[in-house]
Structures are given as C-alpha cells and as structure tokens.
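Q: The structure under discussion is supplied below as structure tokens; questions concerning it will follow.
The values are calculated or read from the model by the stated rules, or taken from the named source; none is laboratory data. Worth saying up front: this structure is predicted, and the values here are computed from it rather than measured. Note that each Cβ is placed from the backbone with ideal geometry, even for glycine, and that neighbours are counted across all protein chains shown. For the accessible areas, the whole protein counts, side chains as well, though only heavy atoms, and no ligand, DNA or RNA atoms are used. Shrake-Rupley method; radii C 1.70, N 1.55, O 1.52, S 1.80 Å.
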Amino acid sequence: MTRHIQPPAPASDAAPAGGREAEARLTPMMAQYLEIKAANPDCLLFYRMGDFYEMFFRDAEIASAALGIVLTKRGKHEGADIPMCGVPIERADEYLQRLIARGHRVAVCEQLEDPALAKKRGPKAVVRRDVVRLVTPGTITEERLLEPGRANCLLAIQRVRAGEDRASFGLASIDISTGAFWLSEADGASLGAEIARLDPSEIVAAQATLDDLAARGFAETRAALTPIGRESGGFESAERILRDFYGVETLEGFGAFSRAEIGAAALAIGYIGRTQIEARPALERPTRRRRGEAMEIDASTRANLELTRTLSGERQGSLLATIDLTATPAGARLLAERLAGPLTDPAAINKRLDAVGFFLDEPRLRGDLRGALRAAPDIARAMSRLSLDRGGPRDLAALRDGLAIARAVAARLTAQPIASAIVGAAAARLCRIAPDLERTLAATLADDLPLNKRDGGFVREGAEPALDEARRLRDESRRVIAELQGKYSALAETNQIRIKHNNFLGFFIETPQAQGEKLLKAPFSATFIHRQTMAGAMRFSTNELAELEAKIASAADRALALELAAFERLRQAALAEIEPIRGLGEALAEIDVQCALAELAATRDWVRPLVDDTLNFVIEAGRHPVVEAALGAKGEPFVANDCDLSGEDGAGRIALVTGPNMAGKSTYLRQAALIALLAQAGAFVPARRAHIGIVDRLFSRVGAADDLARGRSTFMVE
C-alpha cells in the first residue's frame, strides 16, 4: 500500500487569518511559532517549550487525533481559541514513531539558548528557537524508532530520458542509520523489481517522476512518497553536489557511475541536507550495484513468496523469520539483504557456501563465536548517531563493547587455520582495531550510563581530575567546607574558627575578636584577609576560600560542562576511526550470518547445493522451509519431493503441475523457487541433494490468497 507524506495543511490553514495585523495582536512567542511554521508548512511542528514539545492551530488538531492525546487551548485569536496539544520531551520518540508510521513529517524546533539569557534582554524577549531537523520515514536515526533487524532505506529516484519513448531511472539508496550508500540503474521494465528489492521506507523524487511511475502502473509499495519541487539539476550540478559533500576534486576514485545514478545520488544528498539542517551524516562512499549481479524478482513474486513478510504484512511466517538465527541486529540486516538480492555469480556464491561449510565443520568454534556475538551492540547505528551529534553515552558504550567483542572474536578466529576466503578476510578486518580508542572509552565511561549526555554522570570517577573536583564541590560542599575549617583551625592554632555564609559576603571565616587580632599579625596575615569587625567577632577570608566559593557556585554547571567536553573528545576520537570501525562492524555481521546459516544447516539437516552456470535444476527430497517449520512446531512431518527441470539435452524442461485443492501445488512450486533463492543467497538448502544452475529471474505467482504456513489454500481462504 502506498503511503503519501501527509502535510498538515497549507500555510493559510495553519496560520490565523488577518496577515501582519493579526500577527501584531499575537504574543511574541506565538508570532515566533507562526514564523517558524511558515518556513515548514509541510511538517507538523514540534515547538519546544520547556519540558514539552507543543503544537498549535491545525497541527494540534492533527496530532491530537493521530496520537490520542488531549486537545486543549492556549489564548485566543480574533475571539477563537487557539488549539494546542503537547508531548513531554522524555516520551517524544514514542510519539514521533506513531506520527511517522502514519506518514507525517515532523519538524523538531528546539530552544537554542537558555531562557535566563532571554530574560536579560527584557520582559517580552522570546527564547531563540529554530528547527534543528526534519524527521521523515527515511531519515530516522533514533534507536527506539528503528527496527533492529531491518534496514531503513531512503530511496531517491532520478529519471533521465534515454530516447523519445524511453527513460532510464537512477536509484540512490541511503540508510542514514548506518551510512550505507548504494547506486543502481533500471529501465522502466525492471524498476518495480529494483524498488521491491530495496524495500525503502521513503521514496524521494520530483513530482514529474512520481507521475511517470504512476502512469507505468507502479503503485505497490509500503514506502512514503515524498515529492520534491524540482530535479537535482544537470549532470554537472549533480556531480558538484557529490564532490562538495565528500570534499573531493573528482569522483573518479569512487567508480564509474551513469548520469542517472549521479543525479539520483545528488537528489538523495540534497534531501538529507534539507532534513538534517546543519547535521552532516557520515555516509560511506557510494557503491554501484550492476544490473544482473543479483537475481531479479518482481514485486508480485517477492510478495507471494513471502520473503521478508507474509501477505498480511507480518514478519512471523515469512522465509526470513523462519531462517533467521543471527545473533546481532547487523547480522539480521545483512541476512535480509542477501535474501532480497541473491547473487548470480557462481564464484561469489560458492565463496559464501565455503564459509557456511567451514563453520558447519567447526561446531565448537561456531558455538564460541555465536556466544560472543550475542553481546555485540549495533556499532553501525551507534556510529551514525555519533556522526550526526545525536548520540549519547550509551552509543559510546556500544562502541567500547563492540571493540572488545571484535578483539575477542578476532583472537578466537586466528587461533586456528581458516579454510574460507570470506572468513579469513573478515578475521583480517577484525584485527585492524584501534586499541587506544577501546582503552580510552573503557577508562572514561562509567558502568551505569544515562540515555542523554546532558543528564551527566557518565564519566567514571578518577578519569577526569577536574571533573572529580567539580562533582565533589557540587555533591559534598558541606564536607569540603568542614575540611577547610579544620585546616584553618590548625593553621591559626585555635578551635574557635568557623566558616559561615550569607548572601552579602558569601563564604567567610568568623572568629572571636581576641583570636581575630592575632590573625591580623604576621605570619597569619599572609593567609587571612580581614573583611569585617563585628561586636565581639571578626571576619576574614582567604584567597583559597574565595576561589572555593566561586567553584561551589558554578560547580554543577562546571561539572556538566566538563562531562560534555569529555563526551565531545570521545566522539571526535571515534569519528577519526570511523572507517576501520565500519570495517569491523561489517566483519562481525559477516561472521554472524555465516555462523547462523551453519547453525541452520546443522539443526535442520540442510545440505550444500551445487551451484554453477549450467541449465541444470535438480532437487532431490526437497522441503518447503516455512511449511516444514510450521509442521515441525506441531510435531508433524513434511513429505519431501523431487523436482527435475534439467532435460536430457542440457536444455531446460517445463513441468505441468495439476491436482485437486490442497494437493500441495502451491507448496511444490514455491518450494522450488525458495530453494533456488536460498542457494544463490549463499545458504545451504532443505533437500537431500540440489544442483542449481544460475537463475537470473524468478517468477512465482500462484495461490494469491493462500496461507501455506497455516495450511490454508487459496480456495479455502476465498
């Protein structure tokens, strides 16, 4: 089902009538709101007011209905109440998720200064605010808004005329949550299959391009469709956008890209720039996917084979849910990507099968690695948030723990010979770990970490002496004063010294007059500075006490500032190592997938297929993986069957499958398709033997309304 981005309303509907005269009658705060709203008319505006994001006028009515929250009011305009609703800051992610799921875009408007500074400008001064980001389905980075095992793809499409009646489409796929960046090109006939493979959360294209897609009959997508005002410009302009983003003089080092691909890449980067405002994501260099290097599966076949979700939209009951034994979110995403685009190169496929076979033959190693990987955090997404300066202490901790696990996995792998090119390459990447960064993170970060850096308390005691002092003053000022009082008593050789405080003098030392006269003389006068003489008492200060008073007054602010500075140093240190960190993240995901597929083969009696570039297609005692799992859960066996489409002369053979309702026709046909798909994805298959000649295109649309996993045929469902 296509989801179009839903703008709240035209600016004329959201703002009150009356133009400048009306604005003049509004409060300064409401005038500021309307000015910011006018600059973002196609978004719901989350307007920061203290501990809440508030919405007004039409935005409030839409958000109230969508979120099920109370619609209230704030003031009046021309005799009518101004609708208002709000959500607390600490629950903003939850509400954002629900709004994004309904196809809305949200502009997040933050306070850019301390309200105390605004008050100094006058009683009517308004806190400076502005939009810091636009939240859309394809640009989410928050951990709580993302599905751990699913990529969150933003797809930009650029149409380029290839003739009078022909067009070429450039596709740029970016997962801002991990930095992945892929380019490809398709013609009108293959565009639907390519979009279905990418399964984007949001599609960005010029309105004319979206109209062209609709005219071609393309409508089946779960993605939100976001029209933009214009194309990215000519080829030179698009190329310049890419060069400027990566800070390079030429794109030659990136590879050979078509004009359509360059245009799509510029379109995607431009859109990310508009949504992220000043934040700049650390995207990988774009990688080109050549047409033909993956099995082409049209959208209808993909849906009917239920690769990643069932026809009803659920993950449970899909092929991915049935075979996913990965231990990490990154591994789950990589497995889903491989199922979505099985390879067509026998050599590359067999390298993957070698890796699965290696781990299948090493059960103890496989068990050790899977045990270690279960504790591995999502390094890629943590690094993405850090690059956007949207991360928190737990993202740094994820990096710390990920580096430690990568080191442990590397040590375990290199302790024995590796009979797999893929596993060997992954092990080599894991050895390129920055030990200094891991040590620094481990030494600096506390064991208990807050979600947000501004909450403080994430730097370990002893890691930063200046911070320890500020915290001590903040948390233990009474004890510090008592210690200082004892020090001065010893220095003055009397027990009659007291350190006191009032709003006029601040901290001061008070002693009886007789003792005070003594402190006025050398050598005590070098330390104690006379301030006041009272009836029967004298008051003094010291340079140390004056400095301590200033420190205590600002200790809390200083402690937080020191922690934030420490966070920024750690963030910059991590970003300086972003490439090797990405490499080890990819290596961990690779090892996770290969171990998981080996575990799958070991526990479910799957075998290695023979994959080559012949026209052979032989399956002996094949089983449908999803139906077999569903039957196995009920203690029922699956009856295996054969399929031979090879033909005696080396050419292909056509099989005509007939039979009554519930005879298993759909299961048989889809079983053959899924075994071919699994084999070319690099997995072992549910059969006694399988010889798969490369399948470049897959078609399987039968039983459009059946539910094989639950034993329901099309006839029964209909």
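Q: Would you confirm whether any residue within the stretch 368-387 is part of a loop (DSSP other than H, G, I, E, B) and either closer than 28 Å to ILE692 by Cβ or of a type in the set (Val, Ile, Thr) (or both)? Spell out the reasoning first.
A: Of the stretch 368-387, the ones part of a loop (DSSP other than H, G, I, E, B) are 374-378.
If we keep only those that are either closer than 28 Å to ILE692 by Cβ or of a type in the set (Val, Ile, Thr) (or both) as well, we get none.
No, the stretch 368-387 contains no residue that is part of a loop (DSSP other than H, G, I, E, B) and either closer than 28 Å to ILE692 by Cβ or of a type in the set (Val, Ile, Thr) (or both).
Q: If THR614 satisfies all but one of (1) open to solvent by less than 70 Å² (accessible area, probe 1.4 Å); (2) under 30 Å from GLU362 (Cα atoms), what's the number of the condition it fails?
A: The failed condition is (2).
Q: Which of the residues belonging to the stretch 39-58 are under 17 Å from HIS104 (Cα atoms) and out of contact with any strand residue (DSSP E or B) (no Cβ under 7 Å at 6 or more places or on another chain)?
A: Pass one, the stretch 39-58, residues under 17 Å from HIS104 (Cα atoms): 39-47, 53-58.
Correct list: ALA39, PRO41, ASP42, ARG58.
Q: Considering only the stretch 248-361, give the helices (runs of 4 or more DSSP H) lying wholly within it that have at least 2 residues that are of a type outside the set (Ser, Thr, Tyr) and more than 25 Å from the chain's Cα centre (by Cα).
A: Values: elements: 259-276, 299-305, 319-323, 329-340, 346-360.
Filter on the stretch 248-361 gives 259-276, 299-305, 346-360.
Q: So GLN111 passes all but one of these: (1) loosely packed, with under 14 Cβ neighbours inside 10 Å; (2) farther than 30 Å from THR308 by Cβ. Which condition number does it fail?
A: The one condition GLN111 does not meet is (1).
Q: Would you mention how many residues in the stretch 123-162 are within 26 Å of the chain's Cα centre (by Cα) and open to solvent by 60 Å² or more (accessible area, probe 1.4 Å)?
A: Here the count works out to 5.
Q: What single numbered condition from (1) within 25 Å of the chain's Cα centre (by Cα); (2) closer than 19 Å to MET49 by Cβ fails to hold for ARG98?
A: Only one criterion in (1) within 25 Å of the chain's Cα centre (by Cα); (2) closer than 19 Å to MET49 by Cβ is unmet by ARG98, namely (2).
Q: Do we have GLY273 as surrounded by fewer than 18 Cβ atoms within 10 Å (Cβ to Cβ) and at pLDDT 90 or above here?
A: On the way: surrounded by fewer than 18 Cβ atoms within 10 Å (Cβ to Cβ): yes; at pLDDT 90 or above: yes.
Yes, satisfied.
Q: While we're here: In the stretch 547-580, which residues are hydrophobic (A, V, I, L, M, F, W, C) and either in a strand (DSSP E or B) or free of Cβ contacts under 8 Å to residues at least 40 places away in the same chain (or both)?
A: Scanning the stretch 547-580 gives ALA550, ALA553, ALA561, ALA565, ALA576.
Q: Of all the residues that make up the stretch 55-66, how many are open to solvent by less than 30 Å² (accessible area, probe 1.4 Å), in a helix (DSSP H, G or I) and either farther than 22 Å from THR226 by Cα or modelled with pLDDT under 90 (or both)? Write out each step before concluding.
A: First pass over the stretch 55-66, keeping only residues open to solvent by less than 30 Å² (accessible area, probe 1.4 Å): 55-57, 59-60, 62-64, 66.
Next, only the ones that are in a helix (DSSP H, G or I) stay: 57, 59-60, 62-64, 66.
Next, only the ones that are either farther than 22 Å from THR226 by Cα or modelled with pLDDT under 90 (or both) stay: 57, 60, 64.
Of the residues in the stretch 55-66, 3 are open to solvent by less than 30 Å² (accessible area, probe 1.4 Å), in a helix (DSSP H, G or I) and either farther than 22 Å from THR226 by Cα or modelled with pLDDT under 90 (or both).
Q: Within the bounds of the stretch 450-460, is there any residue that is aliphatic (A, V, I, L, M), under 19 Å from ALA573 (Cα atoms) and surrounded by 15 or more Cβ atoms within 10 Å (Cβ to Cβ)?
A: Within the stretch 450-460, the first condition is being aliphatic (A, V, I, L, M), and the residues that meet it are 451, 459.
Applying the additional criterion that residues be under 19 Å from ALA573 (Cα atoms) yields 459.
Applying the additional criterion that residues be surrounded by 15 or more Cβ atoms within 10 Å (Cβ to Cβ) yields 459.
Scanning the stretch 450-460 turns up at least one residue that is aliphatic (A, V, I, L, M), under 19 Å from ALA573 (Cα atoms) and surrounded by 15 or more Cβ atoms within 10 Å (Cβ to Cβ).
Q: Report yes if some residue within the stretch 300-318 is modelled with pLDDT under 95, hydrophobic (A, V, I, L, M, F, W, C) and open to solvent by 30 Å² or more (accessible area, probe 1.4 Å); otherwise report no.
A: Checked against the condition, which is being modelled with pLDDT under 95, hydrophobic (A, V, I, L, M, F, W, C) and open to solvent by 30 Å² or more (accessible area, probe 1.4 Å), the stretch 300-318 yields at least one hit.
Q: For the stretch 563-580, enumerate the residues that are open to solvent by 30 Å² or more (accessible area, probe 1.4 Å) and either over 19 Å from PRO281 (Cβ atoms) or charged (D, E, K, R) (or both).
A: LEU564, ALA565, GLU568, ARG569, GLU577, GLU579
Q: Could I ask something else about it? Among the residues of the stretch 79-99, which ones are touching a helix residue (DSSP H, G or I) at 6+ places or on another chain (Cβ under 7 Å) and not hydroxyl-bearing (Ser, Thr, Tyr)? It would help to see each step written out before you state the result.
A: Initially, the stretch 79-99 is screened for residues touching a helix residue (DSSP H, G or I) at 6+ places or on another chain (Cβ under 7 Å), giving 82-85, 87, 93, 95-99.
Once the filter is applied, which keeps residues that are touching a helix residue (DSSP H, G or I) at 6+ places or on another chain (Cβ under 7 Å) and not hydroxyl-bearing (Ser, Thr, Tyr), the stretch 79-99 yields ILE82, PRO83, MET84, CYS85, VAL87, ASP93, LEU96, GLN97, ARG98, LEU99.
Q: Any chance the stretch 631-638 includes a residue that's surrounded by 15 or more Cβ atoms within 10 Å (Cβ to Cβ) and free of Cβ contacts under 8 Å to residues at least 12 places away in the same chain?
A: yes
Q: Write out, first by first residue and then by second, each pair whose Cβ atoms fall under 8 Å of each other, whose residues are 6+ apart or on separate chains, and whose first residue, in the stretch 459-484, is at positive phi while the second is surrounded by 12 or more Cβ atoms within 10 Å (Cβ to Cβ).
A: Close Cβ pairs (under 8 Å, with a partner that is surrounded by 12 or more Cβ atoms within 10 Å (Cβ to Cβ)) amount to GLY462/ASP468.
Q: Here is a follow-up. Got a sec? Which strands (runs of 3 or more DSSP E) wholly within the stretch 103-162 have at least 2 residues that are closer than 27 Å to ARG91 by Cβ and not basic (Lys, Arg)?
A: On the way: elements: 106-111, 129-135, 154-161.
Counting at least 2 such residues, we get 106-111, 129-135.
Conditions (1) touching a Gly at 6+ places or on another chain (Cβ under 6 Å); (2) open to solvent by 10 Å² or more (accessible area, probe 1.4 Å); (3) among the aliphatic types (A, V, I, L, M); (4) modelled with pLDDT of 95 or more, marked per residue:
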{"position": "GLY652", "(1), (2), (3), (4)": "no, yes, no, no"}
{"position": "ALA663", "(1), (2), (3), (4)": "no, yes, yes, no"}
{"position": "LEU678", "(1), (2), (3), (4)": "no, no, yes, yes"}
{"position": "PRO686", "(1), (2), (3), (4)": "no, no, no, yes"}
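Q: Mind listing whichever residues of the stretch 1-54 are more than 26 Å from the chain's Cα centre (by Cα), closer than 26 Å to GLU202 by Cβ, open to solvent by less than 40 Å² (accessible area, probe 1.4 Å) and modelled with pLDDT of 85 or more?
A: Answer for the stretch 1-54, where residues must be more than 26 Å from the chain's Cα centre (by Cα), closer than 26 Å to GLU202 by Cβ, open to solvent by less than 40 Å² (accessible area, probe 1.4 Å) and modelled with pLDDT of 85 or more: ILE36, LYS37.
Q: A further question on this structure: Any chance the stretch 233-254 includes a residue that's of a type in the set (Phe, Trp, Tyr), touching a helix residue (DSSP H, G or I) at 6+ places or on another chain (Cβ under 9 Å) and modelled with pLDDT of 90 or more?
A: Initially, the stretch 233-254 is screened for residues of a type in the set (Phe, Trp, Tyr), giving 235, 245-246, 254.
When the remaining residues are screened for being touching a helix residue (DSSP H, G or I) at 6+ places or on another chain (Cβ under 9 Å), the result is 235, 245-246, 254.
Next, from what is left, pick out any that are modelled with pLDDT of 90 or more: 245-246.
Yes: one or more hits.
Q: Kindly indicate whether LEU610 is of a type outside the set (D, E, K, R), within 20 Å of GLY371 (Cβ to Cβ) and at pLDDT 95 or above.
A: It is false that LEU610 is of a type outside the set (D, E, K, R), within 20 Å of GLY371 (Cβ to Cβ) and at pLDDT 95 or above.
Q: Which ones in the stretch 581-609 are part of a loop (DSSP other than H, G, I, E, B) and open to solvent by 20 Å² or more (accessible area, probe 1.4 Å)? Write out each step before concluding.
A: Pass one, the stretch 581-609, residues part of a loop (DSSP other than H, G, I, E, B): 605-606, 608-609.
Result: ASP605, ARG608.
Q: Quick check on this structure: which one of ALA482, ALA463, ALA522, ALA470 is surrounded by fewer than 16 Cβ atoms within 10 Å (Cβ to Cβ), in a helix (DSSP H, G or I) and either touching a Gly at 6+ places or on another chain (Cβ under 6 Å) or not charged (D, E, K, R) (or both)?
A: Values: ALA463 fails: in a helix (DSSP H, G or I); ALA522 fails: in a helix (DSSP H, G or I); ALA470 fails: surrounded by fewer than 16 Cβ atoms within 10 Å (Cβ to Cβ).
Result of the check over ALA482, ALA463, ALA522, ALA470: ALA482.
Q: So, one more: Look through the stretch 530-545, keep the residues that are touching a residue at least 24 places away in the same chain (Cβ under 8 Å) and in a helix (DSSP H, G or I), and return whichever of them is most open to solvent (accessible area, probe 1.4 Å).
A: Residue satisfying both the conditions and the ranking: GLU544.
Q: Then there's this: Going residue by residue through the stretch 417-428, is there one that turns out to be among the polar types (S, T, N, Q) and open to solvent by 20 Å² or more (accessible area, probe 1.4 Å)? I'd like the intermediate steps shown before the answer.
A: The first filter runs over the stretch 417-428 and keeps only residues among the polar types (S, T, N, Q), leaving 420.
Pick out the ones that are also open to solvent by 20 Å² or more (accessible area, probe 1.4 Å) and you get none.
No - not one qualifying residue is present in the stretch 417-428.
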